[in-house]
Amino acid sequence: MKVTLKLAISMCKPYTLHPFYLDYEIGWFYFLCKDWSKAKKILESVASYSISKEMLGVFEQEFAKTLMGLKLKSSSSATIEYHPLPIQLQDNYIVFPHSVHNILKIAACCLGLKNEAECRYWLVTALVVHRKFSNVKTKNEEEFSKLTEKFLRRKSIALFTYELWYFLKYLPKLPDQNLLELVDFVKSHLEQVQKEGALMKGEFLVEFVSGLLLSVSSYCLIGNSALAVEKLDAILQVIDDLEEEYHYLGHHLLYWLGRGLAMEKRIKEAIDCFKKALKWKKCIFTIGEKIKKSMQLTLAENSSKN
């Protein structure tokens, strides 16, 4: 036993000089604080150890192949140019189960620093790493890969960071003030899209539902149910026109509307939203069981009061 323990300690000693997982947690902290420069620097350091150097030999080829696959499906006019990886990959490779998540955070940092082109570059890089060099192949990693593809096909990536926060389940960790700032950003973004003459269909409808998902969930999290359900009628009028590819947004938005309505004691409308959300559960990031549980709790609470 002592021999085994001594061997384990001797093997771990080199890694104590570089606290890799601690660095990732610190980068995660700055990322949530929106200190984009610090977060990007740390998360790029994490990537330099968690991306295999084997990728360098095929990176350009895989990057081009990934772009070609996206162009076959996309009408987006955004151009994404290849360039060599802007970080130096390390020889002492570290097996890291969240390499794709980490790269997506780097992309979000680039967006926060107003460098949309570099953000899109890292999004494509995330797909290359996921498909060829990922350390894990979980359902969650696959869902984030699909989310990445969807954003690369969208004309606007303005809401990428906040959708990433949402699906990484970061929003409940944020103070109320940060959630209100998120709501203000979404409102400003949607107003700008409307000024550009977009109709409530196609790309704008995706932006509208995405923005309202972020706003409604934020209002619910801070306990302001009245504002959470304020646009209920407008949402229900158009949500059925949402393209199937983006049903994941409607699935989650209807869940949060149901929660807000339940808080407002509008039980029938809440149940209707939950039921509608369940019809769209065949999508990424499905929360079918969570919706069923919320519906059962809403019905049980209403029955106890009657």
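The values are calculated or read from the model by the stated rules, or taken from the named source; none is laboratory data. Note that the structure is a prediction, hence the values are computed from the model and not measured. Ideal geometry is used to build each Cβ from the backbone, glycine not excepted, and the neighbour counts take in all protein chains shown. Ligands, DNA and RNA are excluded from the accessible area calculation, which covers all protein heavy atoms including side chains. Shrake-Rupley method; radii C 1.70, N 1.55, O 1.52, S 1.80 Å.
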Looking only at segment 88-101, decide whether some residue is of a type outside the set (A, V, I, L, M, F, W, C), more than 22 Å from L159 (Cα to Cα) and without any contact (Cβ under 8 Å) to a residue 12 or more places away in the chain.
no
Every residue in segment 223-242 that is in a helix (DSSP H, G or I), of a type in the set (G, A, S) and within 24 Å of the chain's Cα centre (by Cα), please.
S225, A228
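Checking the condition of a type in the set (A, V, I, L, M) and open to solvent by less than 40 Å² (accessible area, probe 1.4 Å), which residue from M55, M68 passes?
Being of a type in the set (A, V, I, L, M) and open to solvent by less than 40 Å² (accessible area, probe 1.4 Å) holds for just one of M55, M68, which is M55.
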Unmet requirement for D91, which otherwise passes all of (1) open to solvent by less than 70 Å² (accessible area, probe 1.4 Å); (2) outside any helix (DSSP H, G or I)
(1)
Selection from segment 105-129 of residues that are more than 16 Å from the chain's Cα centre (by Cα), among the charged types (D, E, K, R) and under 19 Å from W165 (Cβ atoms)
K114, E116
Any chance E245 is free of Cβ contacts under 8 Å to residues at least 60 places away in the same chain and part of a helix (DSSP H, G or I):
no
Return the only residue of K268, K279 being open to solvent by 30 Å² or more (accessible area, probe 1.4 Å), of a type outside the set (S, T, Y), over 22 Å from L227 (Cα atoms) and without any contact (Cβ under 8 Å) to a residue 40 or more places away in the chain.
K279
Is at least one residue of segment 251-261 among the charged types (D, E, K, R) and surrounded by 19 or more Cβ atoms within 10 Å (Cβ to Cβ)?
yes
For segment 18-31, which positions are within 14 Å of K105 (Cβ to Cβ) and exposed (fewer than 14 other Cβ atoms within 10 Å of the Cβ)?
E25, F29
If you take the residues in segment 153-170 that are at pLDDT below 95 and touching a Ser or Thr at 6+ places or on another chain (Cβ under 8 Å), which one is surrounded by the most Cβ atoms within 10 Å (Cβ to Cβ)?
R154
Does any residue of segment 114-136 turn out to be at negative phi, hydrophobic (A, V, I, L, M, F, W, C) and exposed (fewer than 15 other Cβ atoms within 10 Å of the Cβ)?
yes
Filter segment 86-111 for residues that are modelled with pLDDT of 95 or more and farther than 14 Å from L43 by Cα and give the result.
L111
Return yes when K137 is within 24 Å of I287 (Cα to Cα), more than 14 Å from the chain's Cα centre (by Cα) and modelled with pLDDT under 95 and no when it is not.
yes
